[in-house]
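Reviewing the structure listed below.
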Amino acid sequence: SAVARNLQAIRQLLQPAVKLMGMVKAFSYGSGSYEIASLLQYHGVEYLAVAFTDEGVELRKAGITMPIMVMNPEPVTFDSLTEHNLEPELYSLTLLQQFGNYLQQSGLSSYPVHLKVDTGMHRLGFTIQELPALVAALQKLPHLSVQSVFSHLAAAEDPNHDAFTKQQAILFEQACSKIREVTGYNFLMHLNNSSGILRHAAYQYDMVRLGIALY
């Protein structure tokens with residue numbers, strides 16, 4: 001009931017059309033993956049995110065049918081990932097190529113993927129310098145369907161870094177624009193994490209990722 005209340009409170013901060021992605025990685029931060037996922041599915045949250053393919057598989061086996069993004073897909077799990085209709089986060093040219101090749105060999109087309117852009121967090125993601133190579137690769141990989149493009153704010157909770165957060169948003173919008181030019185279709189844009197939801201309403205875009213604030 002506390003999680004449901006938190007969800008309701010967060011929704012009141014969002015503009016009407018903004019979707020929610022609920023983070024249920026690491027057993028929902030210890031709260032129980034299926035229990036939280038089931039609650040979020042019941043309350044109409046649009047997306048879930050897990051860290052690894054096996055987490056997503058367990059949710060599918062437990063009866064979760066909503067879209068699930070896998071943040072750390074590994075080539076050895078591609079079979080399991082596609083079998084259970086899980087959507088990989090692709091964050092490097094190598095991984096993009098590996099998954100594109102896998103789809104081609106498997107005869108799968110228009111498979112939904114999520115592209116992570118590094119706008120300043122410097123953890124995972126396509127750097128701004130890699131964008132030309134990314135868009136060139138996308139043109140050669142028709143088996144992929146870009147479901148979303150996203151980035152992660154490095155210091156959304158800290159007022160001292162609001163200028164940096166704004167710069168991240170600018171880079172993010174530029175990256176999305178370049179990718180959209182090549183794909184020729186729209187995809188979901190998401191940048192805000194929990195702190196971003198609470199402090200940066202201007203960066204809600206199409207979807208926000210709700211993690212620790214849910215718990």
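In the neighborhood of residue 189, defined by Cβ-to-Cβ distances under 15 Å, what is the net charge if each Lys or Arg adds +1 and each Asp or Glu adds -1? List each step's numbers first, then the result.
On the way: positive: 19, 116, 178, 180, 209; negative: 46, 89, 173, 181, 206.
Residues near residue 189 contribute 0 overall.
Surface exposure of the stretch 1-126, expressed per residue as accessible area with a 1.4 Å probe, stands at 47 Å².
Against the 2.2 N^0.38 Å scaling, with N counting residues, where does the stretch 1-160 land? I'd like the Cα-based Rg ratio to two decimal places. Walk me through the numbers on the way to the answer.
Values: Rg = 16.5 Å, N = 160, 2.2 N^0.38 = 15.1 Å.
Taking N as the residue count of the stretch 1-160, the ratio is 1.09.
A Cβ-based charge dipole, computed about the Cα centre of the chain with Lys and Arg at +1 and Asp and Glu at -1, lands at about 380 debye. Each label point was placed 7 Å from the Cα along the Cα-to-Cβ direction; for residue 34 and residue 163 their separation is 5.1 nm.
What's the local net charge at residue 50, with K and R +1, D and E -1, over the other residues with C-beta under 11 Å away?
Numbers: positive: 25, 60; negative: 54, 55, 58, 87, 89.
Around residue 50, the surrounding residues sum to -3.
Centre-to-centre separation between the Cα atoms of the stretch 35-59 and those of the stretch 161-215: 21 Å.
To put it simply, the accessible area of the chain at a 1.4 Å probe is 52 percent carbon and sulfur. Between residue 2 and residue 72, the contour length at 0.36 nm per residue exceeds the alpha carbon distance by 22.3 nm.
A 32 angstrom limit on the alpha carbon distance is what I want to check against. Which of 61/140; 19/166; 61/178 exceed it? Intermediate values should be presented prior to the final figure.
On the way: 61/140 34 Å; 19/166 21 Å; 61/178 38 Å.
Pairs exceeding the cut-off: 61/140; 61/178.
The values are calculated or read from the model by the stated rules, or taken from the named source; none is laboratory data. Source: prediction; values computed, not measured. In this analysis, Cβ positions are derived from the backbone assuming ideal geometry, glycine residues included, and neighbour counts consider all displayed protein chains. These accessible areas exclude ligands, DNA and RNA; they are computed on the full protein's heavy atoms, side chains included. Shrake-Rupley method; radii C 1.70, N 1.55, O 1.52, S 1.80 Å.
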